[in-house]
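**Student:** Shown below is the structure under consideration.
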Amino acid sequence: MASRNSEIVFEYLKNSITDGKWKDGEQITPEIQLAGELGVGRNAVREAIEKLVGMKILIKKKGKGTFVNNNPVEQEFNQMFINSILDRGNYLDILVFRKTFEPENVKMFIENAEKKDYDELENCYNQMLEFKDNGEKFSYYDAQFHNILARGTKNSIIIKISEVLSNIMISHQKSLNTILGSSSGMKEHKLILESILDKDTEMAYYFMRKHITRTIKDVLQVAK
């Protein structure tokens, strides 16, 4: 359980840094507060932080706390990559790509995922349900839902692409959820999850494609 929760914390911290919640050199939220906010144990938070320290993204200062490294190479690369995409105005292009990418991931998940992957996906949906009225946390678990699907494919390229896309999409998704609410997303993810649990590849594919198509329509509506 701690290992799975630490992965959730790891993604949350990484995305928070990428989104600019904590700037270079700034102190991150204390461990005990993070544990409470994310509903996990302190061991999971500590494990995730240690991983980011090992990647030189975070640094620990004795007696002071944990801080964002002033010049982490991976952070700089990811931010440069994300900015280059956003600057080109390709948000809709990414959604159109996901319209094909995500349904295929669902099919591969059903073919290759293990029981723990199914359990993790169901738990993530329950977190989405719990935080449906909290835009930031809902968007985070929404992104994790799709990342879990990617990891369940057991394809390293798909996993990496999904991680990069989620980093780009999450801030936009927060804005979209604030404007339009989470009810449509919850209903669609419920249908996707139920089809996956039933191992109904055709219906899971259909509902995922329908979900992305609806998201595209929502983005176009907001952009008017």
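The values are calculated or read from the model by the stated rules, or taken from the named source; none is laboratory data. No experiment lies behind these values; they were computed from the predicted model shown. Calculation scope for accessible area: heavy atoms of the full protein, side chains included, ligands and nucleic acids excluded. Shrake-Rupley method; radii C 1.70, N 1.55, O 1.52, S 1.80 Å.
**Student:** Could you list, in their original order, any pairs among LYS137/LYS199; LYS14/LYS51; LYS14/LYS217; LYS115/LYS154; LYS137/LYS187 whose Cα atoms are separated by more than 19 Å? Mind dumping the intermediate values first?
**Tutor:** Details: LYS137/LYS199 28 Å; LYS14/LYS51 11 Å; LYS14/LYS217 29 Å; LYS115/LYS154 13 Å; LYS137/LYS187 17 Å.
Too far apart for the 19 Å limit: LYS137/LYS199; LYS14/LYS217.
**Student:** Could you work out the Rg to Rh ratio of the range 107-172, with Rh taken as the Kirkwood radius (inverse of the mean 1/r over all Cα pairs)? All intermediate terms of the calculation are to be shown ahead of the outcome.
**Tutor:** Numbers: Rg = 12.0 Å, Rh = 12.1 Å.
Reported Rg/Rh, Kirkwood definition of Rh: 0.99.
**Student:** Next up: Identify all aspartates and glutamates with a Cα-Cα distance to LYS64 below 13 Å; exclude those on the same chain that are fewer than 8 residues away in sequence.
**Tutor:** Of all the aspartates and glutamates, those that pass the test against LYS64 - Cα under 13 Å, at least 8 places apart if same chain - are GLU26, GLU31.
**Student:** Here is a follow-up. Please list, ordered by chain and number, the residues whose modelled amide H lies under 5 Å from the amide H of LEU58; skip anything fewer than 5 residues away on the same chain.
**Tutor:** VAL53, ASN69
**Student:** Could I ask something else about it? Can you send over the solvent-accessible area of LEU92, 1.4 Å probe, protein chains only, in Å² to the nearest 10?
**Tutor:** Rounded to the nearest 10, the figure is 60 Å².
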